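*Asks:* Below are the structure tokens for one structure; questions will follow.
The values are calculated or read from the model by the stated rules, or taken from the named source; none is laboratory data. The structure presented is a predicted model; accordingly, all values stated were derived computationally and were not measured. Using ideal geometry, Cβ is built from the backbone for each residue, glycine included, and neighbour counts are taken over all protein chains shown.
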Amino acid sequence: MIELEHLVKKFGDLTAVNDISLTIARGEFFAVLGPNAAGKTTTIKLITGLLRPDSGTARICGFDIQSEPLAARQRLAYVPDFPFLYDKLNAWEFFRFIGQLFRIEPERIAKNGRELVDRFHLEEFAGRPLESLSHGTRQRIAIVSALLHDPEVFVVDEPMVGLDPQHARIVKDVLKERSLAGMTVLVSTHQLSIAEEMSDRIGIIHGGKLIAVGTREELRLKSGSSGALEEVYLALTANGK
């Protein structure tokens with residue numbers, strides 16, 4: 001569902017993404033870890049078509065995000081760590097706007113929206129201007145808007161930013177349920193607990209390179225550590241393996 005082949009992205013003398021290749025299957029929950037400035041967000045922007053690679057390709061459901069952007073994006077949802085919302089709209093107006101961008105029928109927008117608003121505890125906020133809402137509430141609204149068109153691939157950068165424990169749990173549950181139903185989930189996060197609890201496989205990016213990919217047990221073997229994911233992660237990033 002996500003295929004990366006030899007992706008490279010440079011900014012002047014800095015190689016932010018250095019020859020990354022990766023395949024993520026249908027229904028897989030894949031977590032990306034790495035230090036600050038490792039290249040995680042740049043890689044995500046290449047996957048979602050927000051940046052053009054200097055070389056290499058990124059495909060979503062078999063469609064090249066650069067040469068076939070509409071076909072790829074119809075199947076894709078992306079929530080950045082600080083999502084942009086139209087502040088003068090309320091949540092329902094924003095959902096209708098997003099739904100229309102994806103050419104979803106009004107009845108389906110309303111049905112999916114009602115189900116998601118209820119699931120994410122947004123009923124009391126849905127009629128208020130988005131500019132009046134807290135960061136955590138806006139984050140939930142951004143996630144709901146991304147799920148409206150039932151994407152086949154869901155990419156999210158730091159999904160729990162600003163969420164309290166109750167709503168973080170809801171986000172985790174919904175993403176895992178969707179993953180088990182066939183939606184591919186790619187999460188970039190600094191929260192090792194999310195990767196430990198949720199992921200099928202983990203990728204670690206360090207210095208622009210994908211230095212390790214595997215299940216938690218495979219990463220333990222690679223790192224030489226039998227401890228928790230924190231120990232494994234620190235060993236791999238310290239050694240640059």
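*Asks:* Looking only at region 147-167, decide whether some residue is surrounded by fewer than 21 Cβ atoms within 10 Å (Cβ to Cβ), part of a helix (DSSP H, G or I), under 13 Å from the mean Cα position of the chain (by Cα) and not β-branched (Val, Ile, Thr).
*Replies:* no
*Asks:* Would you point out the residue of region 1-20, among those that are in contact with a Pro (Cβ under 8 Å, 6 or more places away or on another chain) and more than 14 Å from HIS206 (Cβ to Cβ), that is surrounded by the fewest Cβ atoms within 10 Å (Cβ to Cβ)?
*Replies:* VAL8
*Asks:* Out of GLY214, GLY207, which single residue is surrounded by fewer than 20 Cβ atoms within 10 Å (Cβ to Cβ), closer than 21 Å to GLY39 by Cβ and free of Cβ contacts under 8 Å to residues at least 24 places away in the same chain?
*Replies:* None of the others qualify; the one that does is GLY214.
*Asks:* Among the candidates ALA31, ALA25, ALA58, ALA16, which residue alone is over 16 Å from the mean Cα position of the chain (by Cα) and among the small types (Gly, Ala, Ser)?
*Replies:* On inspection, the qualifying residue turns out to be ALA16.
*Asks:* Same structure again: Looking at ALA168, is it within 20 Å of HIS121 (Cβ to Cβ) and among the small types (Gly, Ala, Ser)?
*Replies:* The answer is yes for ALA168.
*Asks:* Another one. Can you tell me how many residues within region 197-229 are among the acidic types (Asp, Glu) and out of contact with any strand residue (DSSP E or B) (no Cβ under 9 Å at 6 or more places or on another chain)?
*Replies:* Summing the residues that are among the acidic types (Asp, Glu) and out of contact with any strand residue (DSSP E or B) (no Cβ under 9 Å at 6 or more places or on another chain) in region 197-229 gives 2.
*Asks:* Is it true that some residue in region 15-38 is modelled with pLDDT of 95 or more, among the acidic types (Asp, Glu) and at positive phi?
*Replies:* yes
*Asks:* A further question follows. What are the residue pairs meeting all of these: first residue in region 78-91, first residue farther than 13 Å from VAL156 by Cα, second residue in a loop (DSSP other than H, G, I, E, B) and small (Gly, Ala, Ser), Cβ atoms under 6 Å, and 6 or more apart or on different chains?
*Replies:* ASN90/GLY127; ALA91/ALA126
*Asks:* Which ones in region 181-204 are of a type in the set (A, V, I, L, M), modelled with pLDDT of 95 or more and surrounded by fewer than 21 Cβ atoms within 10 Å (Cβ to Cβ)?
*Replies:* ALA181 - this is the single residue of region 181-204 that is of a type in the set (A, V, I, L, M), modelled with pLDDT of 95 or more and surrounded by fewer than 21 Cβ atoms within 10 Å (Cβ to Cβ).
Residues checked against (1) touching a helix residue (DSSP H, G or I) at 6+ places or on another chain (Cβ under 9 Å); (2) among the basic types (Lys, Arg); (3) under 20 Å from VAL156 (Cβ atoms):
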| site | (1), (2), (3) |
| --- | --- |
| ILE2 | yes, no, yes |
| PHE11 | yes, no, no |
| ASN18 | no, no, no |
| THR23 | no, no, yes |
| ARG26 | no, yes, yes |
| LEU33 | yes, no, yes |
| ASN36 | no, no, yes |
| LEU46 | no, no, yes |
| LEU51 | yes, no, yes |
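*Asks:* If the Cβ limit is 7 Å and pairs must be 6+ apart or interchain, which residue in region 60-77 that is farther than 11 Å from VAL153 by Cβ pairs with which residue that is at pLDDT 95 or above and surrounded by fewer than 17 Cβ atoms within 10 Å (Cβ to Cβ)?
*Replies:* Correct list of pairs: ASP64/THR57; GLN66/ARG52.
*Asks:* Next question. Where in region 21-126 are there helices (runs of 4 or more DSSP H), lying wholly inside it, with at least 3 residues that are surrounded by fewer than 20 Cβ atoms within 10 Å (Cβ to Cβ)?
*Replies:* Answer list for region 21-126: 69-74, 91-101, 106-119.
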